[in-house]
1. ³J(HN,Hα) across the stretch A:120-126 via Karplus (A = 6.51, B = -1.76, C = 1.60, θ = phi - 60°), whole Hz, x for Gly/Pro?
2. Leaving out ligands, DNA and RNA, what percent of the accessible area of the stretch B:106-199 is carbon and sulfur, probe 1.4 Å?
3. Take the Cβ-Cβ distance between B:Arg190 and A:Met119 as r, set R0 to 41 Å, and report the resulting FRET efficiency rounded to the nearest 0.05.
4. Kindly state, to the nearest 0.05, the FRET efficiency for B:Thr85 paired with A:Asp98, given R0 = 30 Å and r defined as their beta-carbon distance.
5. Name the long-range amide H neighbours of B:Gly124: under 5 Å, sequence gap of 5 or more, or other chain; modelled H, no Pro or chain starts.
6. Once you place label points 7 Å from the Cα toward the Cβ at A:Glu6 and B:Ser211, how far apart are they in nm?
7. Pull out the extension gain between B:Thr68 and B:Ser98, defined as 0.36 nm times the separation in residues minus the alpha carbon to alpha carbon distance; nm, one decimal.
8. Using protein heavy atoms only (no ligands, DNA or RNA), what is the total accessible area buried between A and B, 1.4 Å probe, nearest 100 Å²?
Amino acid sequence: MRHWTEGFDDGDADEQLVRPYTITSGRTTPERSDLTLVTLVTTLPEVSTQAALAVRRMQPEHRTILGLCREPRAVVEVAAKLRLPVSLTKILIGDLVDSGYMWARSPQPLTRAGGLPDMTILEAVRDGLRKL
Amino acid sequence: MDYASSEHASGHSPDHVSGRAADHTAGRAGTAPLAVKILVAGGFGVGKTTMVGAVSEVAPLHTEEYLTRAGVGVDDLEGVDSKFTTTVALDFGRITISDDLVVYLFGTPGQERFWFMWNDLVSGAMGAVVLVDTRRLEVSFASIDFFESRGIPFVVGVNCFHGVRDRTAEEIRAALALDPQVPLVLCDARDRGDGRDVLLALVDHLMAGQSATTG
Ligand SMILES: Nc1nc2c(ncn2[C@@H]2O[C@H](COP(=O)(O)OP(=O)(O)OP(=O)(O)O)[C@@H](O)[C@H]2O)c(=O)[nH]1
Ligand SMILES: [Mg+2]
């Protein structure tokens, strides 16, 4: 089955974008504080036809993001691909999460005040590194 | 809409955050991996990008962030008394451990003073590698101070440029006034195996810290 984002640009956004704040309609600060550099975002596999049409009226960068994130990607990877500053990328991703095109998974909580990383995760990281 | 909490900004909550449609895809939601973050720090030109590239499965990616801070109390940035905005560059790589787990390695910007403005960079990090160049140890002092003051676990990687090992590990340790608990590993930042060993030293260090408090 064709993914609904098929045909959206997922190549590198090559030309230097000269209108960063136009893309975000002048917004400079992400409204969502829950998107971090390593929050993984994924385009939902199915959206309503109406929603799919609505995204065509968004900025090209929104569609690029949806195309890029058919597999989970970290916010920072999306920013690198789009060649946009992280905070602007967060604004765009926030739009897409808010309107139900994407979902976001927060990073594993690892260091907290007085807390320590989860042993299972440390073991998995160690075993994975050993194979490098 | 009901978002889990703003605590996500500090990386403390594992909750899924999503838009309306996520309710219909709960099963799929479980398939995204967990992301963990490791910082590769140290002063200017010590080999941070080189090490990230050596261990990453992709060529290091590059991105930028705008940092803004109100002028009040900005006394470490002399001459800046209004709102301060700057662009800071970052490069990063990725190691996919499994379908469930991905490690992101961040080569931090050389100027540590910006880290204080960039909470998202350091918060939630599993730990850090501070690279030092034996010929210019002092350029990495600020990184060591930073992680010590934030209580973020770290190891020191001594990047032996051109195989120069003119100082012993003990001499370097003393010059850095390093806590005896903090591992110090000699390495070549260009070498994948060495990069792996430095990261393994960090993970072992974290595990030792873990069992010390729980056991
Ligand atoms: N001979 C040798 N050269 C190295 C080694 N590590 C890094 N270099 C070189 O040293 C220079 C600086 O390395 P980078 O990896 O760019 O250092 P960096 O810490 O990312 O530098 P900034 O981001 O500018 O602070 C590059 O020209 C590297 O090729 C090493 O172990 N041996
Ligand atoms: Mg660099």
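1. 4, 5, 4, 5, 5, 5, 4
2. Working: 1920 of 3860 Å².
Carbon and sulfur together cover 50 percent of it.
3. Details: r = 32 Å, r/R0 = 0.78.
About 0.80, to the nearest 0.05.
4. Working: r = 26 Å, r/R0 = 0.87.
For B:Thr85 and A:Asp98, the calculated efficiency is 0.70.
5. Under 5 Å from the amide H of B:Gly124: A:Thr111.
6. 5.2
7. On the way: separation 30, 0.36 × 30 = 10.80 nm, distance 3.65 nm.
So the extension gain works out to 7.2 nm.
8. Values: alone 8330 and 12170 Å², together 15300 Å².
By this definition, chains A and B bury close to 5200 Å².
The values are calculated or read from the model by the stated rules, or taken from the named source; none is laboratory data. On a predicted model such as this, the values are computed, not experimentally measured, just so you know. Backbone-built Cβ (ideal geometry, glycine too); neighbour counts: all protein chains shown. Areas reflect the complete protein model, heavy atoms only, side chains present, ligands, DNA and RNA absent. Shrake-Rupley method; radii C 1.70, N 1.55, O 1.52, S 1.80 Å.
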